[in-house]
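Read-outs: derived from the displayed coordinates by stated rules, not from any lab. Because the structure is predicted, anything quoted here is derived from the model rather than measured. In this analysis, Cβ positions are derived from the backbone assuming ideal geometry, glycine residues included, and neighbour counts consider all displayed protein chains.
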Amino acid sequence: MSAIAKRRERERAQRHQLIITTARELAEAEGWEAVTTRRLAERVEYSQPVLYSHFNGKDAILSAVAVEGFGELAARLRHTRLAAPEPPQALHAVCRAYLEFATEQPALYQAMFVLPTDVKFAHAETPAPLRACFDEFVSCFPPDDPRRELFAEVTWSALHGMAALSESGRIPPSAQAERLDLLVTRIAGPPSG
């Protein structure tokens, strides 16, 4: 590959990332309804045809944002899990990190879990960052337990419910720690030591 081709490829990757980053920033500031291809094109200072050369519309941008979010969440969960000494503590820490992520970045969380995207969950085409998130939950359960993926699914489902209901004001955020303690105790058993 020539130096010019490498530069063009690098510039294209930078434009691609700029579009994703700008969409996230706009969504966090004004909500996803404010993210349109026209506004994104204006913000990134490229024409809409250039934007469409990277993404086939807002849905594709939303999917790219979601996959990027899964990568960030997976890294956060892994770091948190590895810092915890025992499986029950690791599960509690991972669950807390998940809920904190949802609270700190509500628009990103919406892109990942609430808004419709073509990101496949529990499927052969599941993106690696999403699978890595799930694997962090699975890793919180004993490796010899054949139900560890089931436990991970139930835990993740419960956490999503807590995050969504808390964000919408349907359950009080003040009781989140108590809910989390109950979930971990019921799923993983009481903490040791």
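Would you mind checking the tilt of helix 176-188 against the longest principal axis of the Cα atoms of the chain, expressed as 0 to 90 degrees and rounded to 10?
Compared with the principal axis, the helix lies near 70 degrees.
Give the order of 166, 2 when sorted by the count of other beta carbons within 10 angstrom, beginning with the fewest.
Least to most surrounded, the residues fall as 2, 166.
Pull out the extension gain between residue 83 and residue 47, defined as 0.36 nm times the separation in residues minus the alpha carbon to alpha carbon distance; nm, one decimal.
8.4 nm
Could you give the C-alpha radius of gyration of the chain expressed as a fraction of 2.2 N^0.38 Å, taking N as the number of residues it contains?
Expressed relative to 2.2 N^0.38 Å, the Cα Rg reads 1.17.
So how much slack lies between residue 14 and residue 150, counting 0.36 nm per residue of separation and subtracting their Cα-Cα distance, in nm?
Taking residue 14 through residue 150 to full extension adds about 45.1 nm, to one decimal.
Sequence gap at least 6, Cα distance under 8 Å: using those rules, report the relative contact order of the chain to the nearest whole percent.
That works out to 21 percent.
Please find the FRET efficiency linking residue 29 to residue 168, where r is the Cβ-Cβ separation and R0 is fixed at 22 Å, and quote it to the nearest 0.05.
Computed FRET efficiency for residue 29 and residue 168 comes out at 0.65.
Tell me what the chain gives for mean residue ellipticity at 222 nm when only DSSP H runs of n ≥ 4 count, each as -39,500 (n - 2.57), the sum divided by the residue total, rounded to 500 deg cm²/dmol.
-23000 deg cm²/dmol
Read phi for every residue in segment 45-54 and hand back ³J(HN,Hα) as whole Hz from Karplus 6.51 cos²θ - 1.76 cosθ + 1.60, θ = phi - 60°, with x for Gly and Pro.
6, 10, 6, 4, x, 5, 4, 6, 6, 9
How far apart, in nm, are two points set 7 Å out from the Cα along the Cα-to-Cβ line at residue 122 and at residue 36?
3.8 nm
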